[in-house]
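One structure is given below, encoded as structure tokens.
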Amino acid sequence: MQFDLTAEQQAVQARARAFAEQELAPLAGPADERGEFPLHLVQRMGELGLLAGPLKPEYGGAGMDYLSFATVYEELGRVDSSVRGFLAVHTGLVSLCINDWASEEHKRRYLPRLASGEIIGCYCLTEPNAGSDAASIETTAREEADAYILNGEKIWITNGNIADLAIVFANRDRTLRHKEICAFLVDTATPGIWRAKMPGQELGHRASDHARIVFQECRVPKSALLGEAGVGFKIAMAALDHGRLGVAAGAVGVAQACLDACVAFTRDRKQFGKRIADFQMIQANLADMAADVAAARLLVYRAAALKQQGRPTTKETSIAKLFATEIAVKAASDAVLLHGGRGYSNTYPVERYYRDIKGLQIYEGSSHIQRIVIARELVGRGE
């Protein structure tokens, strides 16, 4: 395995880092405090090719390899998990899902517009009674002569209120669970769709747009079907492999940001007449954090490299997601502790990292689900 990034990969990483540090960083804290997504940055990311990711140029894509795209997720994650989360849904779950499963007509209709930021995508899978157990979705698709009629409720839909295009998962026969789930490409302006902000205030990712979406006799043409009827569950699981890679890389970014913040703070902070960086207990903490970040990054890079080769990556992506999010949770907790009272307020960004990282540990399959996925890949399913 090649451990050094190529010149082309370094160029992508540098472009993402410059955008994150120069354009995104000044907005991250204020957007988090206001709970407002910086919508004007979407088309800017499109201009920089960050939304286009691994899509082919013929579909408006940047033609990045998956490792390059992982560095984009990491650089955004270092600065703002809300914007990184937007990208993981918009490109990872929506654009790449369309790229993998859609007809040529759908690819040419949607992908260039998604890649440029002209339209925004969301991924409607999670429901009140179907989170980890995606096969239990209750949203229904009633088939008529020339259309499907959608009825049901989706929650925690990232980008839901700002999206123009939704991938909606619905079941033609709930008694058959995953066997009759279908995926649909739905224009969010279609009659019968009601959208609202999720109630309450999120622990983290406060600048993200999280929506509750209700479908009431929402009629979509049969041409809106993504892939074949009944393969929606397979589509959903395949898309999550894309999304989980984005979460894993983003978690590496959060952990790296915590490490950077701690190194800078412990060098400057003095107690008992010397830098706290000179105390062995602090040094041990920093060393462990650095080792964890390095290990997590290599797991992410390995999963991305295997995906680029076209090999199955479900186990490797889940391992990367599990390890990266777990070590980032610890890094954020340690970062707040090392900053002391200063880490307990939003004067320093480690407070936001601490809140944000919990979301990465939960969505796209919680750490519990990742352990199940990994174990099943190792031992298979019992009778």
For the range 133-147, 3J(HN,Hα) per residue [Karplus equation, 6.51 cos²θ - 1.76 cosθ + 1.60, θ = phi - 60°, Hz, x = Gly/Pro]: 8, 5, 5, 8, 4, 9, 4, 10, 10, 8, 7, 10, 3, 10, 7
Which whole-number percent is the relative contact order of the range 1-94 (Cα, under 8 Å, 6+ apart)? 32 percent
Counting only residues 5 or more apart in sequence or on a different chain, those whose built amide H sits under 5 Å from that of Y148 are V220, K222
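In the chain, what % of DSSP beta bridges are antiparallel (nearest 5)? Each step should come with its number before you reach the end.
On the way: 30 of 35 bridges.
If I count the DSSP bridges inside the chain, around 85 percent turn out antiparallel.
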Work out the FRET efficiency for D173 and K330 from their Cβ-Cβ distance, taking R0 = 56 Å, and round it to the nearest 0.05. 0.80
Each label sits 7 Å from Cα toward the beta-carbon; between E118 and R376 the label points are separated, in nm, by 3.9 nm
Under Karplus coefficients 6.51, -1.76 and 1.60, residue-wise ³J(HN,Hα) of the range 92-105 in Hz, glycine/proline x: x, 8, 9, 4, 6, 5, 4, 4, 7, 10, 7, 5, 4, 4
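Nearest 0.05, what FRET efficiency do V214 and A290 give at R0 = 35 Å with Cβ-Cβ as r? Intermediate values should be presented prior to the final figure.
Numbers: r = 47 Å, r/R0 = 1.33.
Computed FRET efficiency for V214 and A290: 0.15.
What ranking of L306, L125 emerges when the number of other C-beta atoms within 10 Å of each C-beta is taken as an exposure proxy, fewest first? The partial results should precede the final answer.
Numbers: L306 17, L125 24.
In order of increasing Cβ crowding within 10 Å: L306, L125.
Take T139, T317, T175 and order them by how many other Cβ atoms sit within 10 Å, fewest up front. Please list the in-between numbers first.
Numbers: T139 23, T317 31, T175 7.
If I rank by nearby Cβ atoms, fewest first, I get T175, T139, T317.
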On the formula 1/(1 + (r/R0)^6), with r taken between the Cβ atoms of D4 and S136 and R0 of 56 Å, the FRET efficiency rounded to 0.05 is 0.80
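Please state the relative contact order of the chain as a whole percent: Cα pairs under 8 Å, 6+ residues apart? Can you show the working numbers first?
Details: 731 pairs, mean separation 61.6, N = 383.
Here the relative contact order equals 16 percent.
Quick check on the exposure proxy: order L176, L240 from fewest to most C-beta atoms within 10 angstrom. Don't jump to the answer; show the numbers that get you there.
Details: L176 12, L240 25.
Neighbour counts put them in this order, fewest first: L176, L240.
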So what J values fall out for the range 195-202 if you push phi through Karplus, 6.51 cos²θ - 1.76 cosθ + 1.60 with θ = phi - 60°, rounded to Hz, Gly and Pro as x? 10, 8, 5, 4, x, x, 10, 5
Consider a paramagnetic label point 7 Å from the Cα of K222 along Cα→Cβ; state which residues of the range 149-193 have an amide N under 20 Å from it. 149-151, 168-174, 180-187
With springs connecting C-alpha atoms under 10 Å apart, model the chain as a Gaussian network and identify which of N99, N161, N346 has the largest mean-square fluctuation. N346
Express the relative contact order of the range 122-231 as a whole percentage, based on alpha carbon pairs under 8 Å and six or more residues apart in sequence. 32 percent
Distance between the C-alpha centers of the range 1-43 and the range 302-319? Whole Å please. 24 Å
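Here, each number is a calculation from the coordinates, and none is a lab measurement. It should be emphasised that the depicted structure is a prediction, and the values quoted were computed from it without experimental measurement. Heads up, the Cβs are rebuilt from the backbone with ideal geometry, glycines too, and the neighbour counts pull from every protein chain shown.
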